[in-house]
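Comments concern the structure below.
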Amino acid sequence: MSAITQTEIDQQVFSLYDEYCHGRIDRREFLKRAGALGALGFAISLLPDYARAQTISFTDERIRAQYVSYPSPGGNAANLRGYLVQPKGQGPFPTVLVVHENRGLNPYIEDVARRAAIEGYLALAPDGLAPLGGYPGNDDDGRDMQAKLDQAKLRTDMLNGARFLKSHKLSSGKLGVTGFCWGGGTTNWLATALGADMHAGAPFYGAAAETARVPDIKAALMIQYAETDERINAMWPAYETALKASGVQYEMHMYPGTQHDFHNNSTPRYHEPSAKLAWERTIAFFKKHLA
């Protein structure tokens with residue numbers, strides 16, 4: 001029998017962390033079991049990232065969170081994994097797809113899904129890294145992993161996530177999408193790909209949709225930009241012209257004194273007042289368009 005590999009040990013620690021996140025074991029038991037695997041240091045290294053990102057506990061009584069698998073024809077795998085969070089109650093609920101950055105389903109994005117759920121939305125945050133084993137526990141490796149994926153298929157994985165969520169038994173049929181960085185650009189793209197099946201989109205500092213596809217957008221858009229974000233902001237004038245020409249309902253907000261990724265509370269670029277205002281606006285926007 002061959003010795004267990006470090007990768008297999010790491011995966012066991014990730015699995016233990018999932019148990020801890022869902023309240024099946026407490027922190028002490030999580031660290032105890034990780035220590036028995038000889039991976040206590042690795043386990044401890046996971047905790048600060050999750051702690052910094054968490055504003056809504058994964059055991060919050062207002063929500064129920066679970067990992068789900070959904071079919072993803074044409075994607076990077078036959079099935080993709082996602083983090084599904086439902087509000088308390090029987091539903092049906094309007095839905096919000098939460099699209100991660102260029103590093104997979106990290107703790108911050110999971111927390112954003114929980115933030116949406118406590119506002120009354122059935123939220124799904126797909127993990128585009130699932131075909132490679134899922135988010136690896138740190139953003140640097142996650143970024144490297146996501147770059148190795150087929151990017152067109154990765155977008156298809158997000159598109160299939162939107163379709164899965166919209167057709168979920170707890171869904172009201174109303175679909176909103178938000179995303180950050182890569183997820184912001186993907187939100188814009190999903191608006192072109194989904195057409196009338198998408199009702200509202202709130203992309204954060206994301207690349208503009210392809211100009212030729214803008215006429216396909218039927219969703220209302222709330223576009224959120226950081227003030228200091230030259231590459232992304234340079235796309236706005238042409239994007240706005242195309243949105244106007246196509247009669248797309250949109251509004252744009254740019255936040256003074258902010259850098260790209262200002263909404264992410266687990267990074268040094270986090271700008272608390274702007275992040276809170278942007279999120280409040282996003283929720284009000286979804287309440288208007290997904291009712």
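The values are calculated or read from the model by the stated rules, or taken from the named source; none is laboratory data. Remember, it's a predicted structure, so these values are computed and weren't measured experimentally. Note that each Cβ is placed from the backbone with ideal geometry, even for glycine, and that neighbours are counted across all protein chains shown. Surface accessibility is based on the protein's heavy atoms, side chains included, excluding ligands, DNA and RNA. Shrake-Rupley method; radii C 1.70, N 1.55, O 1.52, S 1.80 Å.
From largest accessible area down, sort 246, 167; use a 1.4 Å probe on the protein chains. Don't skip to the answer; put the middle values down first.
Details: 246 45, 167 90 Å².
Per-residue accessible area, sorted high to low, gives 167, 246.
In a simple Cβ point-charge model (Lys, Arg +1; Asp, Glu -1; nothing else charged), region 142-188 has a dipole of about 200 debye relative to its Cα centre.
Count the net charge of all other residues whose Cβ sits under 9 Å from the Cβ of residue 198, scoring Lys and Arg as +1 and Asp and Glu as -1. Once all neighbours under 9 Å are counted, the net charge is +1. Rolling a 1.4 Å probe across the protein heavy atoms gives the chain an accessible surface of 43 Å² per residue.
If the only charges are +1 at each Lys and Arg Cβ and -1 at each Asp and Glu Cβ, what is the size of the charge dipole of region 138-285 around the Cα centre, to the nearest 20 debye? Can you show the working numbers first?
On the way: 15 positive and 17 negative charges, 130 e Å.
The dipole of region 138-285 has a size of about 620 debye.
Using a Gaussian network model of the chain in which every pair of alpha carbons under 10 angstrom is joined by a spring, one finds that among 212, 191, 116 the greatest mean-square fluctuation is at 212. Solvent exposure of residue 204, expressed as accessible area, is near 0 Å², computed with a probe of 1.4 Å over the protein chains only.
Explain nothing, just the number: dipole magnitude of the chain about its Cα centre with +1 on each Lys and Arg Cβ and -1 on each Asp and Glu Cβ, in debye rounded to the nearest 20.
Charge dipole of the chain: 860 debye, to the nearest 20.
Annotation for residue 269 and residue 287: the two label points, set 7 Å from Cα along the Cα-Cβ direction, are 2.9 nm apart. Taking every DSSP helix (H) stretch of at least 4 residues in the chain, weighting each as -39,500 (n - 2.57) and dividing the sum by the residue count yields a mean residue ellipticity at 222 nm of -13500 deg cm²/dmol.
Among 61, 8, 240, what's the order by accessible area (1.4 angstrom probe), most exposed first?
Working: 61 155, 8 95, 240 50 Å².
Accessible-area ranking of 61, 8, 240, largest first: 61, 8, 240.
Just to confirm a number: summing +1 for Lys and Arg and -1 for Asp and Glu over residues other than residue 216 whose beta-carbon lies under 15 angstrom from that of residue 216, what do you get? Once all neighbours under 15 Å are counted, the net charge is +1.
Annotation for residue 240 and residue 36: the two label points, set 7 Å from Cα along the Cα-Cβ direction, are 6.0 nm apart.
Pop out the carbon and sulfur fraction of the accessible area of the chain as a percent, whole number, probe 1.4 Å. All intermediate terms of the calculation are to be shown ahead of the outcome.
Numbers: 6490 of 12660 Å².
Carbon and sulfur: 51 percent of the exposed surface of the chain.
Past 22 Å, Cα to Cα: identify those pairs from 153/288; 166/288; 174/287; 88/174; 88/287; 88/218, in the order given. Before the final figure, lay out the partial values.
Details: 153/288 32 Å; 166/288 18 Å; 174/287 11 Å; 88/174 18 Å; 88/287 17 Å; 88/218 30 Å.
Correct reply: 153/288; 88/218.
Considering only 184, 91, 41, and ranking their Cα positions along the charge dipole of the chain that arises from unit charges at the beta-carbon of Lys, Arg, Asp and Glu, the one farthest toward the positive end is 91.
In this structure, residue 252 and residue 144 have a Cβ-Cβ separation that, at R0 = 41 Å, corresponds to a calculated FRET efficiency of about 0.80.
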